[in-house]
Amino acid sequence: MKTFTIAVIAGDGVGTEVVPQAKRVLEKIAKKHAVTFSFQDFDWGAGHFFRWGRMMPAGAIDLLQPCDAILLGAVGHPDIPDHTTLNGLLLPIRRAFDLYANVRPAYLYPGVESPLAKARSGDIDFVVVRENTEGEYAQVGGFVYHLQPEEVAIQTSVFTRRGIERIVRFAFGLAVKRDKKKRVASITKSNAQGYSMVLWDRTFQEVAAQYPGIETESLLVDAAAMNFIRRPESFDVVVGSNLFCDILSDISAIIVGSMGLAASANLDPLRRFPSLFEPVHGSAPDIAGRGVVNPMATILSAAMMLDHLQMTDAARAVEAAVAAVLAERKVRTPDLGGKNSTEEVTDAVLEKLG
Ligand code: GGG
């Protein structure tokens, strides 16, 4: 029997509530699909920071590296600055393992209402592909005259031809694989950012020329934000920089009904390192500890993990179970207008898994 070692970082806030639910689903999958998951739990995050002054230990990357995949809940705590939590845990893992493709599907499930009046189930079905290791999140910069009245902050974006080319190529590969609308939209702001984004546009055109069967469009990020609302059905694969697609994927999550349904994968497409799977939502301190967070984003992220581990049937089974619960409109957490708890929603998914 195949065994996969899964590093589990539940993290902060609702992360500690959703991750155990995804583990329950994976345990059920293990029983049905002749596989074993060996979970290695790491109690990193805000609690670790309060005890040791850092979000994860110095040797964290070495501990994660031998694992087959990483399942993460959320990072962020009201008593720690957000740049400390994010730069202390999630971003260093993405960079250390060169997880350059952040994949965020947006699908309007039957039984879920979009805040867009005209959208019907299935109308919205696209994937945001976010460059995940450089761009605006490269952490290059510093302060001059730190904490003085004349303080200066410099933060430099880093765009490399290699970095752009590989994420754009990944996006085209995904459009071919999805076999849907066969369309890739590239997002920049090259009218205002005349160097980095111009390099992006040029590289996009060069890669696009190698995929004559795929339709393309290039949009400025402001127009893309508008068109996600105005014509979401026209998108198939959307590719853009770290910051732009971080923001756009919150829009894509909310137009398909809830952040509580938004799954994501941080992939090393070359499979040199463990890829990381996490819900798009953060630690949500406003609802943490109440047992009402929607576990589906994390469960669907676990399905993306199964896909990456080449357990395709198991991945499809989890997605179908989630879809069936949503279609019934009976068991749902408050973000979807229901009154059920996190655990009850997972119970319903497990029941559908049979
Ligand atoms: N689910 C992971 C999490 O806590 N995300 C919050 C966040 O701020 N993420 C920023 C990012 O994805 O770059």
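The values are calculated or read from the model by the stated rules, or taken from the named source; none is laboratory data. Values in this document were obtained by computation on a predicted structure and should not be read as measured data. With ideal geometry, Cβ positions are generated from the backbone for all residues, glycine too; neighbour counts draw on all protein chains shown. Just the protein is used for accessible areas: all its heavy atoms, side chains included, with ligands, DNA and RNA removed. Shrake-Rupley method; radii C 1.70, N 1.55, O 1.52, S 1.80 Å.
Tell me, which strands (runs of 3 or more DSSP E) lie completely within segment 225-306 with 1 or more residues that are closer than 29 Å to residue 79 by Cβ and in the same structural domain as residue 341 (by TED's automatic domain parsing)? Break it down into steps so the answer makes sense when it comes.
Numbers: elements: 237-240, 263-267, 275-279.
In segment 225-306, 263-267, 275-279 are the strands (runs of 3 or more DSSP E) which contain 1 or more residues that are closer than 29 Å to residue 79 by Cβ and in the same structural domain as residue 341 (by TED's automatic domain parsing).
Six or more apart or on different chains, Cβ under 7 Å: which pairs go from a residue in segment 275-292 that's surrounded by fewer than 21 Cβ atoms within 10 Å (Cβ to Cβ) to one that's charged (D, E, K, R)? Could you list them?
Hits for this filter: 291/17; 291/343.
Please find, within segment 190-201, the residue that is farthest from residue 239 (Cα to Cα) out of those that are part of a loop (DSSP other than H, G, I, E, B) and open to solvent by less than 50 Å² (accessible area, probe 1.4 Å).
To start, the set of residues in segment 190-201 that are part of a loop (DSSP other than H, G, I, E, B) comprises 190-195.
Imposing the further condition that a residue be open to solvent by less than 50 Å² (accessible area, probe 1.4 Å) reduces the set to 190, 194.
On the way: 190: 14, 194: 19 Å.
Among those residues, the one meeting the criterion is 194.
Can you go through 78, 57 and tell me which one is more than 16 Å from the ligand (Cβ to nearest atom) and either modelled with pLDDT of 95 or more or open to solvent by 20 Å² or more (accessible area, probe 1.4 Å) (or both)?
Going through 78, 57 in turn, just one is more than 16 Å from the ligand (Cβ to nearest atom) and either modelled with pLDDT of 95 or more or open to solvent by 20 Å² or more (accessible area, probe 1.4 Å) (or both): 57.
Of the numbered conditions (1) touching a Pro at 6+ places or on another chain (Cβ under 8 Å); (2) more than 14 Å from the ligand (Cβ to nearest atom); (3) open to solvent by less than 20 Å² (accessible area, probe 1.4 Å), residue 254 satisfies every one except a single condition; which is it?
Checking residue 254 against (1) touching a Pro at 6+ places or on another chain (Cβ under 8 Å); (2) more than 14 Å from the ligand (Cβ to nearest atom); (3) open to solvent by less than 20 Å² (accessible area, probe 1.4 Å), the one that fails is (3).
Please determine, by comparing only the residues of segment 225-242 that are touching a helix residue (DSSP H, G or I) at 6+ places or on another chain (Cβ under 9 Å) and surrounded by fewer than 22 Cβ atoms within 10 Å (Cβ to Cβ), which one is nearest to residue 101 (Cα to Cα).
236
Exactly one condition in (1) within 19 Å of the chain's Cα centre (by Cα); (2) closer than 20 Å to residue 250 by Cβ is false for residue 306; which is it?
Residue 306 satisfies all of (1) within 19 Å of the chain's Cα centre (by Cα); (2) closer than 20 Å to residue 250 by Cβ except (2).
For residue 103, indicate whether it is within 14 Å of the ligand (Cβ to nearest atom), within 20 Å of the chain's Cα centre (by Cα) and more than 26 Å from residue 162 (Cβ to Cβ). Quick ask: steps written out before the conclusion?
Values: within 14 Å of the ligand (Cβ to nearest atom): yes; within 20 Å of the chain's Cα centre (by Cα): yes; more than 26 Å from residue 162 (Cβ to Cβ): no.
Judged against the criteria, residue 103 is not a match.
Could you tell me whether any residue of segment 268-284 is within 16 Å of the ligand (Cβ to nearest atom) and of a type in the set (S, T, N, Q)?
The answer is yes, given that some residue of segment 268-284 is within 16 Å of the ligand (Cβ to nearest atom) and of a type in the set (S, T, N, Q).
How many residues are open to solvent by 30 Å² or more (accessible area, probe 1.4 Å), closer than 20 Å to residue 276 by Cβ and in contact with a strand residue (DSSP E or B) (Cβ under 7 Å, 6 or more places away or on another chain) if we restrict to segment 137-173?
Total satisfying the criteria: 1.
Using the structure shown, decide if residue 168 is away from the ligand (no atom under 16 Å from the Cβ) and in contact with a helix residue (DSSP H, G or I) (Cβ under 8 Å, 6 or more places away or on another chain).
On the way: away from the ligand (no atom under 16 Å from the Cβ): yes; in contact with a helix residue (DSSP H, G or I) (Cβ under 8 Å, 6 or more places away or on another chain): yes.
Judged against the criteria, residue 168 is a match.
Any residue that is part of a loop (DSSP other than H, G, I, E, B), within 30 Å of residue 238 (Cβ to Cβ) and open to solvent by 50 Å² or more (accessible area, probe 1.4 Å) - is there at least one of those in segment 100-110? Break it down into steps so the answer makes sense when it comes.
Just the residues of segment 100-110 that are part of a loop (DSSP other than H, G, I, E, B), to begin with: 100, 108-110.
Cutting the leftovers down to within 30 Å of residue 238 (Cβ to Cβ) gives us 100, 108-110.
Going one step further and asking which of them are open to solvent by 50 Å² or more (accessible area, probe 1.4 Å), we end up with 110.
Checked against the condition, which is being part of a loop (DSSP other than H, G, I, E, B), within 30 Å of residue 238 (Cβ to Cβ) and open to solvent by 50 Å² or more (accessible area, probe 1.4 Å), segment 100-110 yields at least one hit.
Among the listed residues 14, 18, 8, 25, identify the single one that is hydrophobic (A, V, I, L, M, F, W, C), in contact with a Pro (Cβ under 6 Å, 6 or more places away or on another chain), under 29 Å from residue 313 (Cα atoms) and surrounded by 21 or more Cβ atoms within 10 Å (Cβ to Cβ). It would help to see each step written out before you state the result.
Numbers: 14 fails: in contact with a Pro (Cβ under 6 Å, 6 or more places away or on another chain); 8 fails: in contact with a Pro (Cβ under 6 Å, 6 or more places away or on another chain); 25 fails: in contact with a Pro (Cβ under 6 Å, 6 or more places away or on another chain).
Exactly one of 14, 18, 8, 25 is hydrophobic (A, V, I, L, M, F, W, C), in contact with a Pro (Cβ under 6 Å, 6 or more places away or on another chain), under 29 Å from residue 313 (Cα atoms) and surrounded by 21 or more Cβ atoms within 10 Å (Cβ to Cβ), namely 18.
Can you tell which of 42, 97 is within 15 Å of the ligand (Cβ to nearest atom) and touching a Phe, Trp or Tyr at 6+ places or on another chain (Cβ under 8 Å)?
Numbers: 42 fails: touching a Phe, Trp or Tyr at 6+ places or on another chain (Cβ under 8 Å).
Result: 97 is the single residue among 42, 97 that is within 15 Å of the ligand (Cβ to nearest atom) and touching a Phe, Trp or Tyr at 6+ places or on another chain (Cβ under 8 Å).
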